[in-house]
Structure formats: structure tokens, C-alpha cells
Amino acid sequence: MAALAGVRESRAAFVEEKALAALTSPLVSRGTLLYAAPSRLEKRTEAPFAERVAVDGDRLTYERPAEGVSRTLSLDQTPELRGLVEAVRGTLAGDLEALRRHYSVGYEGTPDAWRLTLVPVDAKVRELLKVVRVDGGGTDLRRVETVEADGDVSTMTIEPRTR
Amino acid sequence: VSRIPRGLLPVLATLLLLALGWTVSLRQVVQVRADMADLLPPGGTPAARLLARELRSGPASSLLIVALEGAEPEHLARVSRALADGMRRSGRFGLVANGAEGLDEGEREFLFRKRYLLSPATTPDAFARERLRSGVERVLRDLSGSAGPLAERYGLADPTGAFMALVSGWAGGSRVEQREGVWFAEGGGRALLLARTGAAGSTWRPAARRWTPCARRSAGRTRTERRG
């Protein structure tokens with residue numbers, strides 16, 4: 001956690017695969033993740049369509065440029081979204097305290113190959129989100145797996161980029 | 001009292017009595033009414049009658065918008081929460097909303113059920129084959145994106161997009177901001193609170209009068225908390 005807290009900025013490519021109970025085959029999307037300490041996080045999806053989700057502090061901006069869609073909302077207003085954001089942001093920031101505000105945190109492995117198991121503290125959030133597993137090595141996130149209460153599983157594989 | 005000459009006292013007393021009597025009789029003669037609908041001409045057409053009826057007993061007559069101002073946003077937000085809690089607990093209001101809670105499950109469910117009646121996206125060709133096909137394709141695409149859970153919940157059962165068109169139509173035109181978890185007018189100087197009085201009819205003035213002291217109390221309380 002302390003090592004993660006030392007990272008000021010990072011950029012990574014991601015591939016996200018969603019296995020939904022409603023669909024027979026998984027949905028795949030890809031793009032770029034950007035992080036700037038302590039609280040800026042951005043997810044730019046390039047395929048299958050352009051989309052941008054940026055979080056800065058408490059504000060979340062959702063944009064779909066092709067359709068001119070742009071929405072800003074407060075994370076305070078959406079506890080389930082806040083949970084998801086904090087899982088990634090809290091880990092990237094190496095902020096164990098922030099993580100513990102939203103999750104009971106389990107840690108296993110070694111500094112080179114670790115896994116955080118995050119179970120939401122809030123019962124209301126738990127109705128939607130069962131568990132988030134974050135795998136990493138050193139200061140890099142490698143995989144974020146989100147298991148929703150209805151059985152949907154989303155797996156995001158992350159490849160750090162230095163550019 | 002000691003400075004008033006003795007002889008004047010009976011005169012003053014009489015005057016006082018007269019004044020009291022005057023107010024009492026005035027009250028009996030002049031009825032104070034807070035009904036905006038009285039200002040309308042008697043309805044000749046069905047539309048005018050509908051308007052008059054709505055003003056008397058529709059939402060327009062029972063809705064209050066409360067603006068709280070004159071302090072830092074975080075303080076106003078605390079007052080807004082305390083006031084909303086107090087108003088809810090009083091049981092005198094059918095609805096108290098300050099943005100702290102979104103639509104509840106029941107309200108969302110209701111709107112979703114009535115989506116085709118309410119939505120601007122419900123057009124005669126909304127259920128045509130090609131339209132439905134492109135609708136399903138859009139839902140599939142949305143499912144893969146970050147708003148996937150939303151698409152899953154509301155899109156799969158609604159490929160025409162009626163519900164999302166309904167909700168985004170409301171959100172799109174809104175200039176109300178969310179700050180510190182409650183509604184603020186644009187610019188952040190005023191916290192906003194919406195309330196519907198429990199009783200039908202034009203009861204907004206008495207309700208506002210009753211609640212002003214309560215708002216002051218809430219403000220006072222949070223102020224003391226802040227100091228402490």
C-alpha cells in the first residue's frame with residue numbers, strides 16, 4: 001500500500017470482459033485508464049464505442065462524444081457507484097483507510113503478486129455488488145474482477161503503459 | 001406608565017378597547033384568503049375550469065419551494081437536511097425532497113411501468129421492426145459500456161428506450177446542482193427544498209408561516225453545532 005501511495009501518475013491499457021446473466025456470450029470493450037494522485041481517475045473506452053468516465057474528487061463525468069452525451073453527477077448521490085470508484089481509486093492511491101470506509105479488505109500474496117479482496121461494508125451496496133478482487137504486482141494493477149449480486153462478472157485486465 | 005398623567009388613563013383605556021374591537025370586527029368583515037385561484041375569472045371553457053381546479057387542488061396549490069441562503073454551502077446543506085428531517089417527521093407533508101435521496105424504488109418502478117404513456121419516445125413507429133432491431137443493438141452496445149448496469153436494468157425490457165428518454169428529458173433541462181449531497185440553485189448560493197403540503201387546497205401560506213420558525217430553529221441548531 002505504501003508503495004502504491006508513491007505513484008503520482010499512471011497510464012494503462014485495459015480490456016474489459018463482461019459475462020452477463022442475460023446474455024450467452026461475453027461483451028468485450030477496450031481502452032485506456034489514467035490515474036493522477038490522489039483523486040483523479042479516468043477510463044477512456046475506445047471500442048466498441050467511444051466513452052469517457054472521469055472522476056475527480058466527488059464529481060463523476062460521463063461522456064459519449066459521438067452522441068453529445070455529457071453528464072456530471074456527485075458520488076455522494078450514488079453510493080453503489082462510489083463503491084466501485086473507490087475500489088480502483090483507493091487501491092491506486094494506496095489509501096487503505098479510504099478502502100476500509102467502503103469495504104472489508106482482505107490481502108494475500110506477496111508484494112510482487114498480491115490480491116485484494118474487497119467486500120462492501122454497506123448492506124445496500126452489497127445488494128448490488130458482491131465482491132471486488134484486485135490483483136496486482138508491485139505498484140501495477142493487473143486485473144480487477146467485479147462480481148455483482150445477480151451473478152454478472154466483469155473482468156478488467158490491465159496492461160501498464162509508460163507512454 | 002408613571003409618566004402618563006392620571007387623567008389620561010381612562011382615555012387611553014377606552015382607545016385601546018376601541019382599537020381591539022376594531023380589529024375583531026375587521027377580522028369578521030374582511031376574510032383573509034390565500035387562494036390564488038380567486039384571482040382567476042370564472043371558468044367559461046373546460047380548459048379554464050381545469051386550470052382553476054388544478055390551482056385549487058392540484059400540485060400547483062400544495063407545492064412549496066424553500067430556498068435557504070446566507071451561509072456557506074456546507075452549512076446550508078446541513079440546514080437543508082435538518083429541515084427536511086423535521087418536516088418529514090411532522091407528518092404534515094406528503095412529500096419532502098431536498099435531493100439527498102433520489103427517486104425511491106417504488107417511484108422508479110412506477111415510472112418504469114408507465115414509461116410508454118409518459119415518454120416522448122413513444123411514437124407510432126416506436127414498435128416497428130427496424131426500430132426495435134436498432135433499439136436492441138443499442139442496448140447491447142450500452143451493456144458493454146460503463147453505464148452497463150443501467151442498460152441491464154432498464155434497457156433489456158425497454159428496447160424502445162422510452163424510460164431513458166423520459167428520465168434524461170427531465171435531467172437535461174434541470175439547472176439544479178447537487179452540492180454536499182443536496183439540491184442547490186445554479187451558482188451554489190441557495191439550497192433548495194421542495195415540499196408538498198399534506199392537505200389539498202391552497203394551504204401554502206399557512207404552511208410557509210408554520211415552517212419559517214422551524215427553519216430558523218434548524219439553522220440555529222446547526223450553527224451552534226458548528227461553533228461547538
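The values are calculated or read from the model by the stated rules, or taken from the named source; none is laboratory data. The structure presented is a predicted model; accordingly, all values stated were derived computationally and were not measured. Every residue, glycine among them, receives a Cβ derived from its backbone with ideal geometry; neighbour counts consider all protein chains shown.
Being away from every other protein chain (no Cβ under 11 Å), surrounded by fewer than 17 Cβ atoms within 10 Å (Cβ to Cβ) and either touching a helix residue (DSSP H, G or I) at 6+ places or on another chain (Cβ under 6 Å) or of a type in the set (Gly, Ala, Ser) (or both): is that true of B:Gly187 here?
Yes.
What is the number of the single condition among (1) over 22 Å from A:Arg64 (Cβ atoms); (2) exposed (fewer than 12 other Cβ atoms within 10 Å of the Cβ) that B:Trp170 does not meet?
Here B:Trp170 meets the rest and fails (1).
Please go through region B:144-161 and pick out each residue that is farther than 18 Å from A:Arg71 by Cβ, in contact (Cβ under 8 Å) with a residue 12 or more places away in the chain and among the hydroxyl-bearing types (Ser, Thr, Tyr).
B:Thr160 - this is the single residue of region B:144-161 that is farther than 18 Å from A:Arg71 by Cβ, in contact (Cβ under 8 Å) with a residue 12 or more places away in the chain and among the hydroxyl-bearing types (Ser, Thr, Tyr).
Do we have A:Val147 as under 22 Å from A:Ala5 (Cβ atoms) and modelled with pLDDT of 90 or more here?
It is false that A:Val147 is under 22 Å from A:Ala5 (Cβ atoms) and modelled with pLDDT of 90 or more.
Residue-by-condition table, conditions (1) of a type outside the set (Asp, Glu); (2) touching a Phe, Trp or Tyr at 6+ places or on another chain (Cβ under 9 Å):
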residue: A:Arg40; (1), (2): yes, no
residue: A:Thr45; (1), (2): yes, yes
residue: A:Glu51; (1), (2): no, yes
residue: A:Asp56; (1), (2): no, no
residue: A:Arg71; (1), (2): yes, yes
residue: A:Leu75; (1), (2): yes, no
residue: A:Leu81; (1), (2): yes, no
residue: A:Gly90; (1), (2): yes, yes
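Could you say whether any residue in region A:114-131 is loosely packed, with under 13 Cβ neighbours inside 10 Å, outside any strand (DSSP E or B) and not β-branched (Val, Ile, Thr)?
The answer is yes; a qualifying residue exists.
May I ask you to say which residue of A:Ala98, A:Ala93 is among the aliphatic types (A, V, I, L, M), surrounded by 15 or more Cβ atoms within 10 Å (Cβ to Cβ), touching a residue at least 24 places away in the same chain (Cβ under 8 Å) and more than 12 Å from chain B (Cβ to nearest Cβ)?
Only one candidate passes the filter, namely A:Ala93.
Looking at region B:141-162 only, could you name the residues that are part of a helix (DSSP H, G or I) and either at pLDDT below 90 or within 11 Å of chain A (Cβ to nearest Cβ) (or both)?
The answer is B:Arg141, B:Asp142, B:Leu143, B:Ser144, B:Gly148, B:Pro149, B:Leu150, B:Ala151, B:Glu152, B:Arg153, B:Tyr154, B:Gly155.
Sort out which residues of region A:11-46 are over 14 Å from B:Asp142 (Cα atoms), under 14 Å from the mean Cα position of the chain (by Cα) and either at the interface with chain B (Cβ under 9 Å from one of its Cβ atoms) or not in a strand (DSSP E or B) (or both), and write them in order of number.
A:Ser39, A:Lys43 - these are the residues of region A:11-46 that are over 14 Å from B:Asp142 (Cα atoms), under 14 Å from the mean Cα position of the chain (by Cα) and either at the interface with chain B (Cβ under 9 Å from one of its Cβ atoms) or not in a strand (DSSP E or B) (or both).
State whether the residues of region A:133-150 include one that is surrounded by fewer than 17 Cβ atoms within 10 Å (Cβ to Cβ), within 14 Å of another protein chain (Cβ to nearest Cβ) and not β-branched (Val, Ile, Thr).
yes
Considering region A:32-50 alone, what residues qualify as being more than 26 Å from A:Leu96 (Cβ to Cβ) and either free of Cβ contacts under 8 Å to residues at least 12 places away in the same chain or crowded, with 18+ Cβ neighbours inside 10 Å (or both)?
A:Thr45
Of the numbered conditions (1) in contact with a strand residue (DSSP E or B) (Cβ under 8 Å, 6 or more places away or on another chain); (2) more than 13 Å from chain A (Cβ to nearest Cβ); (3) polar (S, T, N, Q), B:Gln178 fails exactly one; give the number of that condition.
Only one criterion in (1) in contact with a strand residue (DSSP E or B) (Cβ under 8 Å, 6 or more places away or on another chain); (2) more than 13 Å from chain A (Cβ to nearest Cβ); (3) polar (S, T, N, Q) is unmet by B:Gln178, namely (2).
Quick check on region B:163-175: of everything there that is out of contact with any Asp or Glu (no Cβ under 7 Å at 6 or more places or on another chain) and more than 12 Å from chain A (Cβ to nearest Cβ), which residue is nearest to B:Glu72 (Cα to Cα)?
Going through the qualifying residues, I end up with B:Gly173.
Out of all the residues in region B:82-116, which are touching a Ser or Thr at 6+ places or on another chain (Cβ under 7 Å), at pLDDT 90 or above and more than 17 Å from B:Asp158 (Cβ to Cβ)?
Passing the criteria: B:Ala82, B:Leu83, B:Gly86.
I want to confirm something. Restricting to region B:42-76 and keeping residues that are surrounded by 13 or more Cβ atoms within 10 Å (Cβ to Cβ), aliphatic (A, V, I, L, M) and farther than 19 Å from B:Gly99 by Cα, which single residue is nearest to the chain's Cα centre (by Cα)?
Out of the qualifying residues, it is B:Ala60.
Can you tell me which residue within region B:107-140, out of those that are charged (D, E, K, R) and within 14 Å of chain A (Cβ to nearest Cβ), is farthest from A:Ala19 (Cα to Cα)?
My answer is B:Arg108.
Being under 24 Å from B:Leu103 (Cβ atoms), hydrophobic (A, V, I, L, M, F, W, C), surrounded by fewer than 17 Cβ atoms within 10 Å (Cβ to Cβ) and within 11 Å of chain B (Cβ to nearest Cβ) is true for just one of A:Val69, A:Val53. Which residue is that?
One residue alone meets the criteria, A:Val69.
For B:Arg92, state whether it is without any contact (Cβ under 8 Å) to a residue 40 or more places away in the chain and surrounded by fewer than 17 Cβ atoms within 10 Å (Cβ to Cβ).
Judged against the criteria, B:Arg92 is not a match.
Before we move on, is A:Ala87 in contact (Cβ under 8 Å) with a residue 12 or more places away in the chain and farther than 17 Å from B:Gly148 by Cα?
yes
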